[in-house]
Amino acid sequence: LGAALFFSRSVGLNQRDDPHRLFPSLAYQIATKYDAYGDILDHRIQKNPTLVAKSIREQFQELLVKPLSQLGAGAAGVVEGLVVIIDGLDECEKGPEMHCNIIEIIAASVHSRTTPFRWVFFSRPETHIVGSFTTNDIHPLTYQLEIRVSRDIDNEITLYLTDGLWKIQQRNGLPDSWVSKRDIAVLVNLSGGLFIYAATVIRFVGSHESLGPVDQLRAVLALASGNKGTGPVHPLSELDLFYTMIMRCVPPGILPRI
């Protein structure tokens, strides 16, 4: 792994959806791992601090392409084939035009071999993003995989929940009987093949600002019977906000059908 960045609208206060932080963040991560590249990048930014504030196209050239071209033969081989991950591209702000620009900038670099990386994108299949990857110029450069929601990972979610609840038990000095195998099976079924659901459950049950793990767990389990659970806060309010955010991104013209 060379570098990775996860766009997220849900933590917008931290500007995790700002496209102008993408290439500086990736360049920084690579620089911390490879001194030769880092030295060149450091020199370039000290000489011209405005590089990090330029357009994303200029950032890509100044922070990645040009420093990489200055590496000697031996140092260049070290970064060859590193994986760079861009996760949640659809949550990058500025909308479809910016999403497509990012794809086109990177694809052009792959085509002309100005960066030696293997680029990996994760995204919901928004029409404009799918369209960019299927153009005649970009499609031959890519391998595409649709990751479907599947109950085939129930065993992995079971392990995840079991481990997370055990850690909560240890932190709070709870007896082994506080959660049963049946309880875990109910939580797995509620998760429906979604790790984000299971992760939200663990955060909710283990929250320090709560009625306590036992009551929090019972509130989640109550969802299986159609009840909203106990306490003033819905157990999955965080997840509700996430999916509400997704629905707000649906174009008004097709919202009734969605």
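The values are calculated or read from the model by the stated rules, or taken from the named source; none is laboratory data. Since the structure is predicted, the reported quantities are computational estimates derived from the model, not experimental observations. Neighbour counts are summed over all protein chains in view; Cβ atoms, including those assigned to glycine, are modelled from backbone coordinates with ideal geometry. What goes into the accessible areas is simple: the full protein's heavy atoms, side chains included, and nothing from ligands, DNA or RNA. Shrake-Rupley method; radii C 1.70, N 1.55, O 1.52, S 1.80 Å.
List the helices (runs of 4 or more DSSP H) inside region 3-60, counting only whole elements, that have at least 2 residues being under 15 Å from residue 102 (Cβ atoms). Spell out how you get there, then give the answer.
Numbers: elements: 22-33, 35-47, 56-59.
It comes to 22-33, 56-59.
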**Q.** Hey, residue 57 modelled with pLDDT under 95, of a type outside the set (S, T, N, Q) and either closer than 17 Å to residue 109 by Cα or crowded, with 17+ Cβ neighbours inside 10 Å (or both) or not
**A.** no
(Q) Criterion first (farther than 22 Å from residue 127 by Cβ and either under 20 Å from the mean Cα position of the chain (by Cα) or of a type in the set (Val, Ile, Thr) (or both)) does residue 106 satisfy it? (A) no
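Filter region 35-54 down to residues that are in contact (Cβ under 8 Å) with a residue 24 or more places away in the chain and closer than 17 Å to residue 114 by Cβ and give me whichever is most open to solvent (accessible area, probe 1.4 Å).
Once the filter is applied, the top-ranked residue is 40.
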Q: Return the only residue of 205, 214 being modelled with pLDDT under 95 and open to solvent by 30 Å² or more (accessible area, probe 1.4 Å).
A: 214
Q: Would you mind telling me which numbered condition in (1) at pLDDT below 80; (2) closer than 28 Å to residue 125 by Cα; (3) not aromatic (Phe, Trp, Tyr) residue 233 fails?
A: (2)
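With the requirement that a residue be more than 30 Å from the chain's Cα centre (by Cα) and either open to solvent by less than 20 Å² (accessible area, probe 1.4 Å) or of a type in the set (Ser, Thr, Tyr) (or both), what does region 165-202 give you?
177, 178, 180
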Q.
Quick test of your reading of the structure: residue 96 fulfils all but one of (1) open to solvent by 50 Å² or more (accessible area, probe 1.4 Å); (2) more than 20 Å from residue 132 (Cα to Cα). Name the failing condition by number.
A. (2)
Q | In region 101-155, the residues that are of a type outside the set (Asp, Glu), free of Cβ contacts under 8 Å to residues at least 40 places away in the same chain, open to solvent by less than 40 Å² (accessible area, probe 1.4 Å) and within 30 Å of residue 181 (Cβ to Cβ) | A | none
